Amino acid sequence: MQQDPFYQPSLSITRQNALVRAVYNWMMIGLLISAVTAYFSSHSAFILNLVFGNSFVLILLIIGELGMVYAISGGIRSMSASTASTLFMLFSFVNGLTLSSILLTYTYESITTTFLVTALTFGATSLYGYVTKTNLTSLGGILFMGLIGVIIASVVNIFVHSSALGWIITYIGILVFVGLTAYDTQKIRRLGEQIGPADGERYGRMAIIGALMLYLDFINLFLLLLRIFGGGRRS
């Protein structure tokens, strides 16, 4: 097995646990913000009309989300921890607005079932990524290429409207995000071996970036699984 050059077994496992806890705390905050925003937005005719009644606003929100993801990920060295956390919460809020449509499309029972399946799948996979001794670094490139393939195929399917291609994208996408969950968790754990709370700003930024990675893994896995378990659509 190839040894990760950044792996330093002499450093305390306390640092790993501290960073992983901080990442999960922020991820849960992000999910909570998105869930609450989606719920209240789905019950507001004004917000629904503003977001989905005007394609320009929806496109602007999506571009804004992508911009915030890029800003948080790219600002690892220059951005303050407070700025990163503010952007992350703002991103979670905006994503909640765009996700509110699923509350109008699927029944609460379908959404709840899918959420539980997603949580169990995510939790088991993330736990594997944390405890496994296998180096998942080489898996990252494969998963990234798989993600690019899923994105390209999804764009193509917007025009061809192929049901078969849609299901292929769904199942491959699930495999990709299950793999990314394990990969990202191990990456966060190993970063925790190098930095700790005493590192101040760097530690804070890494906690937010890690939370963003796992948040995106969870949300995308949830949306893909919703295609399978979301049979209970609203009439």
The listed residue being assigned to a helix (DSSP H, G or I), at pLDDT 95 or above and surrounded by 20 or more Cβ atoms within 10 Å (Cβ to Cβ), out of L221, L191
L221
Of all helices (runs of 4 or more DSSP H) fully inside segment 17-103, the set with 3 or more residues that are under 14 Å from the mean Cα position of the chain (by Cα) and surrounded by fewer than 18 Cβ atoms within 10 Å (Cβ to Cβ) is 55-74
If I filter segment 162-172 for residues that are surrounded by 19 or more Cβ atoms within 10 Å (Cβ to Cβ), in contact (Cβ under 8 Å) with a residue 40 or more places away in the chain and assigned to a helix (DSSP H, G or I), do I get at least one hit?
no
Selection count, segment 16-73, where residues are more than 30 Å from G192 (Cβ to Cβ) and without any contact (Cβ under 8 Å) to a residue 12 or more places away in the chain
15
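Please work out if G140 is surrounded by 14 or more Cβ atoms within 10 Å (Cβ to Cβ), in contact with a helix residue (DSSP H, G or I) (Cβ under 8 Å, 6 or more places away or on another chain) and without any contact (Cβ under 8 Å) to a residue 40 or more places away in the chain.
On the way: surrounded by 14 or more Cβ atoms within 10 Å (Cβ to Cβ): yes; in contact with a helix residue (DSSP H, G or I) (Cβ under 8 Å, 6 or more places away or on another chain): yes; without any contact (Cβ under 8 Å) to a residue 40 or more places away in the chain: no.
Taking the combined requirement at face value, the residue does not satisfy it.
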Top-ranked residue in segment 95-118 [being in contact (Cβ under 8 Å) with a residue 40 or more places away in the chain and among the hydrophobic types (A, V, I, L, M, F, W, C); ranked as nearest to L61 (Cα to Cα)]:
L97
Of the residues in segment 127-157, how many are outside any helix (DSSP H, G or I) and more than 13 Å from V178 (Cβ to Cβ)?
4
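The values are calculated or read from the model by the stated rules, or taken from the named source; none is laboratory data. Values in this document were obtained by computation on a predicted structure and should not be read as measured data. Note that each Cβ is placed from the backbone with ideal geometry, even for glycine, and that neighbours are counted across all protein chains shown.
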